[in-house]
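The values are calculated or read from the model by the stated rules, or taken from the named source; none is laboratory data. Because the structure is predicted, anything quoted here is derived from the model rather than measured. So basically every Cβ, Gly included, is an ideal-geometry build from the backbone, and we count neighbours across all protein chains shown. Each accessible area value is taken on the protein alone, full model and side chains, heavy atoms only, with ligands, DNA and RNA left out. Shrake-Rupley method; radii C 1.70, N 1.55, O 1.52, S 1.80 Å.
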Amino acid sequence: MTTSTPGRVLLVAPRPGAYPTIGDALSDASDGAVVTIASGEYAETVELTGLRVTLAAADGATVVVDGRGADRPVFRATGGSLALKGIEILAGGASAIETEATELTVQRCTVSGGRGPAMAIRGTTAFTVTGSVISGAEQGILVDGAPGRIEDTTVEDVLGDGITLGQGADPVVTGCTVTGCGLRGFYVYQYARPVIEGCVVSHTGYEGIAVAHHGAPVLKRCTVTDTRGSGIAFASGCGGEISACRVANTAEPGISIAEGATPTLSEAADPGAVGDNALDEMLAELDGMIGLPGVKEEVRALVDELQVNEWRRRAGLPIGATGHHLIFAGAPGTGKTTVARIYGKLLKALGVLPEGQFREVSRRDLVGQYIGHTAEKTATVFEEAKGGVLFIDEAYTLSRLAGSGGDFGQEAIDTLVPLMEEHRDEVAVIVAGYTGEMVDFLAANPGLASRFGKTIEFENYSPDELLAIFGRMASAGDYELDPGAAPVLIEHFRLISGDVNFGNARDARRLFEKVRKAQSQRLRLLGRMPAVEELRGLRVADVLAATAR
């Protein structure tokens, strides 16, 4: 009878004299054995108890262990030690690697697929994961209670959390990349105390790094970008340290510290910096609009209130319930849509809304063609707008009193009212239309008016303001307007501003297009190719021709 020698090397290869499978080799292995695996695909799963063994790809070999046909882990170990080196692991109905109280070493491995965590490490035995890639799993790496190291490893394209550290686990995670996670990049919870250093987290469905249930991580020199939630978030009761971390292009606030959380912040880890910069940019965009002094004042007042509420929250002071739904009343062409877009960006910069996206709809987007269809369409549009602004233009056309809305339009209003209250912290609904008609719109449902916190009036542009708008259109199109055309334009705007259908900036846009057409007709009559200066020049004659039509 042949017995195996401790520490011997066993070869797995598809050739005579070698073990045909990893399982066959392990059946002869004893403590300290090294199983060297030749290139090939091995459709099997491995379960070890108390054995100390190394499974390594042979030099230059491509080794694939395929467990996709099984509903159990590809590698499961309890006690002992398991080292996996240079192996590609394909998981199926369970984890790729699952250990309990095992000294686990994973080096230069590629892990993909599987149900639950791709790699689940439990117990109090130290582990090491280095130079590996985990992708395409339900979750990335789960560590419960264990100390150890995760170094130079990438976790990408997972449905849930990238790296989860819980049950008092205190590993060092350094130089890792976590990207493309449906939930959070790092989730630290249940008294875990990891050191996370020099890691890059991006493109997560929720927070980049989330700390909960008395977690206390040390975060050093990490970069968190492009997350749908806050970059770094500490829940109440959590502690730790944030040092020299960079947060960019995330939901606001970039670093969220809940009341009762006590992490220390140092070396430019500023929870308000990202939001303040974005806020300044949005306010500058608002100020850059022509005219609208009253509108700008109202929006700034709203921003001031929201900013102070955020400061009170950080200071642990109570905050009253606030709604973000608004009424924009006034004639068309007065910048209501543009201001609504900026308002959504401001709410995102303030951390009030997670995304700040803009969804513009009108009656046809909300109203169906049969009973029940309208409620379905309206609810779908509302759901799509969550996290940002739902802008309903000419909203008065939905009401019965408007004459054109009918019962189906009323059904849209009746569907919106409870949704606006139930989700008032998740979406900002802005309704827009003529001042008089909006009064009738608000009367269409007893609870509608109370859903809106403020009405902002958009006044008609003055002739001088319309001239400035016309000038911007010309500059944007790389045209040069003859200064002598200014009096002609101002007089034209003065005459049309009293018309019942006056369209403000829309009329300025239509006139600009007519002036361009007049210039084109004039240049065609030259009988030659115009010079660059002629192609750019809008003359008084062009303006006179356009205003005479």
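Here are the numbers for this structure:
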quantity: Hits in segment 191-207 (condition: under 16 Å from residue 261 (Cβ atoms) and open to solvent by less than 60 Å² (accessible area, probe 1.4 Å)); calculated: 192, 207
quantity: Residue in segment 334-342 that is at pLDDT below 85 and either over 26 Å from the mean Cα position of the chain (by Cα) or among the β-branched types (Val, Ile, Thr) (or both) present; calculated: no
quantity: Residues of segment 454-473 satisfying the condition of being of a type in the set (Gly, Ala, Ser) and in contact with a strand residue (DSSP E or B) (Cβ under 7 Å, 6 or more places away or on another chain); calculated: 471
quantity: Any helices (runs of 4 or more DSSP H) falling wholly within segment 381-482 and containing at least 1 residues that are under 28 Å from residue 356 (Cβ atoms), free of Cβ contacts under 8 Å to residues at least 24 places away in the same chain and out of contact with any helix residue (DSSP H, G or I) (no Cβ under 7 Å at 6 or more places or on another chain); calculated: 406-422, 463-476
quantity: Tally, over segment 49-68, of residues that are farther than 17 Å from residue 130 by Cβ, open to solvent by 10 Å² or more (accessible area, probe 1.4 Å) and of a type in the set (A, V, I, L, M); calculated: 4
quantity: Output for segment 483-496, where each listed residue is of a type in the set (A, V, I, L, M), touching a residue at least 24 places away in the same chain (Cβ under 8 Å) and more than 19 Å from residue 533 (Cβ to Cβ); calculated: 488, 489, 490
quantity: Exclusive hit being on the phi > 0 side of the Ramachandran plot and surrounded by fewer than 19 Cβ atoms within 10 Å (Cβ to Cβ), set 71, 157; calculated: 157
quantity: Cβ-Cβ under 8 Å pairs, at least 6 apart or on other chains, segment 511-533 side under 23 Å from residue 472 (Cβ atoms) and in contact (Cβ under 8 Å) with a residue 40 or more places away in the chain, far side among the β-branched types (Val, Ile, Thr) and surrounded by 15 or more Cβ atoms within 10 Å (Cβ to Cβ); calculated: 511/547
quantity: Residue within segment 221-232 that is at pLDDT 95 or above, open to solvent by 10 Å² or more (accessible area, probe 1.4 Å) and over 23 Å from residue 131 (Cα atoms) present; calculated: no
quantity: Any hit, segment 326-345, residues being without any contact (Cβ under 8 Å) to a residue 60 or more places away in the chain and in a loop (DSSP other than H, G, I, E, B); calculated: no
quantity: Failed criterion for residue 145 (all others in (1) modelled with pLDDT under 95; (2) under 23 Å from residue 263 (Cβ atoms); (3) surrounded by fewer than 19 Cβ atoms within 10 Å (Cβ to Cβ) hold); calculated: (3)
quantity: Residue check, residue 374 touching a residue at least 40 places away in the same chain (Cβ under 8 Å) and crowded, with 20+ Cβ neighbours inside 10 Å; calculated: yes
quantity: Complete set of residues in segment 498-547 that are assigned to a loop (DSSP other than H, G, I, E, B), under 28 Å from residue 330 (Cα atoms) and open to solvent by 40 Å² or more (accessible area, probe 1.4 Å); calculated: 498, 499, 500, 501
quantity: Members of segment 259-281 found to be at pLDDT 70 or above and open to solvent by less than 30 Å² (accessible area, probe 1.4 Å), listed by number; calculated: 261, 263, 279
quantity: Residue satisfying all of: in segment 14-42; within 26 Å of residue 103 (Cα to Cα) and out of contact with any strand residue (DSSP E or B) (no Cβ under 8 Å at 6 or more places or on another chain); surrounded by the fewest Cβ atoms within 10 Å (Cβ to Cβ) among these; calculated: 27
